[in-house]
1. At 20 °C and 1.002 mPa s, what whole-number value in µm²/s does Stokes-Einstein give for the translational diffusion of segment 70-173, with Rh from the Kirkwood sum over Cα pairs?
2. I'm a student and want to see the number: the projected area of the Cα convex hull of the chain, averaged over all directions, in nm².
3. Compute the signed sum of charges (Lys and Arg +1, Asp and Glu -1) over the other residues within less than 15 Å, Cβ to Cβ, of Cys127.
4. Scan around Tyr66 for amide H atoms under 5 Å from its own, H built in the peptide plane at 1.01 Å from N, and keep only partners 5 or more places away or cross-chain.
5. For n ≥ 4 DSSP H runs only, could you compute -39500 (n - 2.57) per run for the chain, divide by its residues and tell me the 222 nm figure to the nearest 500?
6. Taking θ = phi - 60°, what integer Hz values does the Karplus form 6.51 cos²θ - 1.76 cosθ + 1.60 yield along segment 69-74, in sequence order, with x for Gly and Pro?
7. So what is the relative contact order for the chain, in percent, with contacts set as C-alpha pairs under 8 Å and at least six apart?
8. Quick one: go through segment 100-114 and flag any residue whose amide nitrogen is under 13 Å from the point 7 Å out along the Cα-to-Cβ line of Glu45.
Amino acid sequence: MKIEIGENRPGNSIEKWPGEFDVFSHYETTLGIPHSLFLITTIKENGKPNACFQSWTSFCGDGGGYFALTPLLQRTHTYHNILRTGEFCINFLGVRYFDACYQTVFNNEDETDEIEIGGFASEPGHCINVPRIREAFLSLECVYDSQIDLSRKGLSALIVGRVVWAAIEDDYVNGSEKKYGPDGFMYYLYELEDFATNDKGVRKVASLNVMRKA
């Protein structure tokens, strides 16, 4: 039997915190679709590094370029930094860095070096003036291409960035052991909401298990 869930939030889908469903759709908690986690680095207006713990992003391209499509709340530092400078960097880290990445969520004052607050080291970008995170096994240097107001309500914007340079650790290039194992991509997911018990589930972080050939 399938549970049918419409566009309007079900009555038994309860907010965990005030305004949760202004920021997130109820589908986020009810469907539990996993997304890769990473840090977006940008430069604040005062020149300090900004780091945003981010997810919900897709990467795709064709013969005309490779692009990162990432949604951002329009009130955030990261959104305004990207529009102001036209540059950002996506940095992928393993799951062991989750707690360090999470520090950037709570320590984001204007005068804070948000790369340093997470215990990370900066390294210069190759094509952009935004620092990369040295501990990242993969960094994508991006320039702003375009944006879409997702709901047409001025809440979230889908930022499209053109990837102009990539830096990847050499032991992650060949094979899948590193890239898709515990030291590889980190994923964000929600446990599915249990409508019968009204259990909201919890946020979790995970890595992939490597699929082995028979």
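1. Details: Rh = 14.7 Å.
The Stokes-Einstein estimate is 146 µm²/s.
2. Spelled out: convex hull of the Cα atoms, projected over all directions, averaged, 14.6 nm².
3. -2
4. Val163
5. My calculation for the chain gives -4000 deg cm²/dmol from helical runs alone.
6. 10, 10, x, 9, 5, 6
7. Value for the chain: 23 percent.
8. Counting backbone N atoms under 13 Å from the label point, the list is 110-111.
Every read-out reported here was derived from the displayed coordinates using simple, explicitly stated rules and does not represent laboratory data. In this text, all values refer to a predicted model and were calculated from it rather than measured experimentally. So basically every Cβ, Gly included, is an ideal-geometry build from the backbone, and we count neighbours across all protein chains shown.
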